[in-house]
1. Checking the condition open to solvent by 70 Å² or more (accessible area, probe 1.4 Å) and at pLDDT below 90, which residue from B:Val79, B:Val86, B:Val23, B:Val98 passes?
2. In the range B:113-194, which strands (runs of 3 or more DSSP E) lie fully inside it and hold 2 or more residues that are touching a His at 6+ places or on another chain (Cβ under 8 Å) and more than 14 Å from chain A (Cβ to nearest Cβ)?
3. Please count how many residues of the range B:36-49 are facing another protein chain (nearest Cβ under 9 Å) and open to solvent by less than 70 Å² (accessible area, probe 1.4 Å).
4. Using the structure shown, decide if B:Leu68 is within 14 Å of chain A (Cβ to nearest Cβ), surrounded by 13 or more Cβ atoms within 10 Å (Cβ to Cβ), assigned to a helix (DSSP H, G or I) and of a type outside the set (S, T, N, Q).
5. Which ones in the range A:299-338 are within 21 Å of A:His71 (Cα to Cα) and more than 14 Å from chain B (Cβ to nearest Cβ)?
6. Within the range B:320-335, is even one residue without any contact (Cβ under 8 Å) to a residue 24 or more places away in the chain, touching a Ser or Thr at 6+ places or on another chain (Cβ under 8 Å), open to solvent by less than 30 Å² (accessible area, probe 1.4 Å) and farther than 19 Å from B:Arg301 by Cα?
7. Looking at A:Asp278, A:Asp293, which is the one that is touching a Lys or Arg at 6+ places or on another chain (Cβ under 8 Å), more than 14 Å from chain B (Cβ to nearest Cβ) and over 19 Å from A:Glu365 (Cβ atoms)?
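The values are calculated or read from the model by the stated rules, or taken from the named source; none is laboratory data. Every value quoted in this text rests on a predicted model; they were computed, and no experiment measured them. FYI the Cβ positions are ideal-geometry reconstructions off the backbone, even for glycines, and counts take in every protein chain you see. These area figures cover heavy atoms from the full protein model, side chains too; ligands, DNA and RNA do not enter into them. Shrake-Rupley method; radii C 1.70, N 1.55, O 1.52, S 1.80 Å.
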Amino acid sequence: MKLTTHHLADPRAWQPSLDPSMDSANTLVLAFGATQFFDGAASLTELARLYPRSVLLGCSTAGEIMDTQVHDASLSVAVVRFEHTVLRRASAAVVEPADSYAAGADLARQLVGDELRAVFVLSDGLCVNGTQLVEGLVAALPASVCVTGGLAGDGSDFKRTWVLEQGQPMAGRVTAVGFYGSRVRVGHGCDHGWSEFGPSRRITRAEGNVLYELDGKPALQLYKSYLGELAAGLPGTALLYPLAVWRHDDDKQHLVRTILAIDEAQQTMTFAGDIPLDGIARLMRSTNDKLIDSASQAVGRAAAGAAPGDALVVSVSCVGRRLLLGERTDEELETIRDSAAPTAGHVGFYSYGEISPALGGVGGELHNQTMTVTVISET
Amino acid sequence: MTEELHPLLQRQLRRLQLTTDAVPDASSWTRLAERVSRAYRDFDQERYLLERSQDLASQEMMALNEALRTSQARLTSLVSLSSDWVWEQDADLRFTYVSDPSAGGSGPDLSLLLGVALTDVQRISMTPDMARRHALAASTHADFRDLTFSLSTPAGGAFHFRISGEPVFGPQRVPLGYRGVGTDVTRAVTAERQLQHMARFDALTGLANRTQLNERLELALARAGRHQQSFAVLFVDLDRFKAINDSLGHAAGDELLRTMAHRLSTLVRGVDLVARLGGDEFVILVEDVVEPAALRALAERLLLAIGEPMTLQQRRFEVSGSVGISVYPNDGDNSHTLLQNADAAMYLAKNRGRNNYQFYTVQLASQAFNQFTLEADLRLAVQRDELTLYYQPKMRVDTGAVSGLEALLRWRHPTRGLLAPGEFIDLAEDSGLIVPIGRWVMLAACRQIRAWRDAGFEVPRCAINLSMRQFASESLEADLRDALGACGLPPQALEVEITESTLMTDARRTERVMRQLHEMGIRISIDDFGTGYSSLAYLKRFPAQVLKIDRSFIGDLPGDRDDAAITEAVIAMAHRLDLTVVAEGVETPAQLAFLRGLGCDEVQGYLLGRPSPADSVSQRLLRHGGAAPAMPAPESAIDEPVEAISPVHARPTLRDGVDDPDRAVA
């Protein structure tokens, strides 16, 4: 396969220039860009024009990844022309979170077919219930198909996200590409590096992905006290304390939930995933070093089994990680780049939700605060 | 120098495309400064978050700990105050912990539970149902409630506990054991068992009660039906129990019953059942044994055991029993019939003089009925003037003079004819009618004596028979005085005859009553001597004047060597004790001659005169002017006119001299 990556930042010049000869029916174009590309989407239209036969997928971000750095107000693009692999594009509408499961099932129906190996999903980040979307998708696909991808971001504003549809940035859409063939290798890995701390708390009041109370007291108050002076930065600073959630008291695995929004009037917190009523929750924290280590773990797993030669590494990391890492965000990207083959191309974005099979699992799950890495290669 | 810079700073320089070799332009410098500043803030924030989250979490944990401690203290306090206790078991269901609320108090020592598993059958027992429930709960690691079990103690006792518990799990739902609460229910269980026992056992004697008897009868019937086997029902009634109970009090009566219950129990096999129906009635259920010989042997053993003297309230007593036997399936194929028929056979035994056993026969049904109506008739006999007294003379052997008369009760029954006491005295005793009848006899005898005296006859002493009940009555002395007084007679006019058995029934009391009578001046005669369990020690203390040798020793004289020896010995002993000896049942001249030879003082029997109504007696007294009729001389005994001799029927304990109870010659 042949691979090129391109970055568009201010001033608007592609580095390097786009190469239209890469266009084909077996070409995948991934574009991750800032929210502002909602308005003035000339660059995106350009992509659609230069690669008319290709499968074009893209979404807004909370930071675009290119090589070893994270950028804002830019576009990160990867163009991959496969030789032996067939691609197919799927798309569905999601108006509100309740449509999510059906949308996922719809995508699956469009993609299901012989030799389907993997699916990469990019979804609206704000009006979708990520958990339901992935469940609907995975339920209708064969168990051997791995699903990776992410939910579009909007910096740390949480206001509006876009997903590319016919080269146009649109809200309320879910898109996916399926990889078919025996020569394609899609490796995946994920890790988060957050550790739970402090007392276990009973989730005494929650509805769907909205948390009201822990141990009978407003959850928002708990966050404010732990954030201290950083509470002024809510909801964004709530990303610093993701929630570890257990559905049942004796579950071995827990889920990591990240904040999406808060409501001061209702004293509620909306998370990017369901909060199980009567379950257990604990706060989580991390340090930069632990986050960076987790990135290294993730890429290690994803890169294993990759075909020699060129590979496309797509990292979907979490806005919460960027908030904590701050200036050291690039470090986790460096770690990933260093672990991949020298000729690999590295793109990706900081998202509002990451999709990848769970550690040691199959199919796909929604993660938060997690570094997920997908390594695509062809033998 | 670049190598020594912090990696982050290196990265930041790279980002801005700066090196340390060249001085950055102003905007780059500003951007670098901003980045470096941001990095410092990041570090501050990271530390801030770390410290803050640590502090807050620490505070929360302490608060939780405190709450836990308080909760623990509350729980401990509640547990220590509660009469219930808490327990824990390990995965093998062995008790590993018990709190002990009694703490050395009066409760059971719960530490006995430690180390014991609920499945340990050596120490723990529970009903099969409980065991099943527990096994099910344990196998599915489920809760259980109200599991009752008993724990045997080294001392040989048992405690009963009731526990409820829930399973305890560790990580990954590994079962660690159980924990729960428990309570001591020993008292409740014991009380319940007692209740159950009481429902099936007689409280006084500890024998099976009627309920249990019926159960066993049904079982026996079922078994007998299935396996073509038989079984027998023995009805055992204690003779004259009511009299003893009334005269000595219920405490003595109870003790008597307990003693009898024990004696009966020791005579039967484990498979058989001895039950108390109530009062003085016992029923014995004998399984698989129906040969008459075996049942006879058993009945005789029972009678022997019942008849053995016993000590009640430091006094010596003797009673006898009557046994009725019915057999399945001949005498009935259901409980009710078998019991009823055994009962009828028992009544027959009573009628035949008591202290014997009878097998059921088909005729008994009507006889039982007869018994019932007879009692009703007897009740009316006194009012209807159906009772009358016959008199039989006693004569001195040496002179042939009439030394006394014995008054004998007769009942002119409207349909059955003249009945002798043998046919209704037991009935009278059992029903209590003996009391009014006894008084009637005293009065009637006294009146007759008065009449004879008024007519100018020299009336010898007249003897009346006293029944056991009369003898035991507190009003005996008063009744006698009343009768004598009403007829203006001195006490010396009367004599009382009391059987040896009656006297020995309550020897100590006997002595007291006899002294009373003796002091009154009434002559006392020990009747039917030789037929009871006499104690010679008492005999010498009884203030009696006369000893009457029972007819059973006289009947075969002079041929029977044993009877001869006994008679000779009794006469000798009686004389040594200054007692006058009367031989009863003398019917042949040979007997008379032999007795004369032994020195017997007086004789009574058909040879000398049959019992006859007062009129006949009057004639004799008239005829002989009060002197004795011609006594057959020793040599010409055979030629003298004598009354017809009727055959003697040996009978164990008849009291008067009538051989044939069905008819008496008027």
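1. Details: B:Val79 fails: open to solvent by 70 Å² or more (accessible area, probe 1.4 Å); B:Val86 fails: open to solvent by 70 Å² or more (accessible area, probe 1.4 Å); B:Val98 fails: open to solvent by 70 Å² or more (accessible area, probe 1.4 Å).
On inspection, the qualifying residue turns out to be B:Val23.
2. On the way: elements: B:144-152, B:158-169, B:175-184.
Strands (runs of 3 or more DSSP E) meeting the threshold: B:144-152.
3. The qualifying residues number 7.
4. Details: within 14 Å of chain A (Cβ to nearest Cβ): yes; surrounded by 13 or more Cβ atoms within 10 Å (Cβ to Cβ): no; assigned to a helix (DSSP H, G or I): yes; of a type outside the set (S, T, N, Q): yes.
Against the criterion (within 14 Å of chain A (Cβ to nearest Cβ), surrounded by 13 or more Cβ atoms within 10 Å (Cβ to Cβ), assigned to a helix (DSSP H, G or I) and of a type outside the set (S, T, N, Q)), B:Leu68 does not qualify.
5. Residues of the range A:299-338 within 21 Å of A:His71 (Cα to Cα): A:299, A:312-338.
Result: A:Val299, A:Leu312, A:Val313, A:Val314, A:Ser315, A:Val316, A:Ser317, A:Cys318, A:Val319, A:Ile336.
6. yes
7. On the way: A:Asp293 fails: touching a Lys or Arg at 6+ places or on another chain (Cβ under 8 Å).
It is A:Asp278.
Conditions tested, residue by residue: (1) open to solvent by 10 Å² or more (accessible area, probe 1.4 Å); (2) more than 22 Å from A:Ala62 (Cα to Cα).
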position	(1), (2)
A:Gly273	no, no
A:Ala302	no, yes
A:Cys318	no, no
A:Glu331	yes, no
A:Val347	no, no
A:Tyr350	no, no
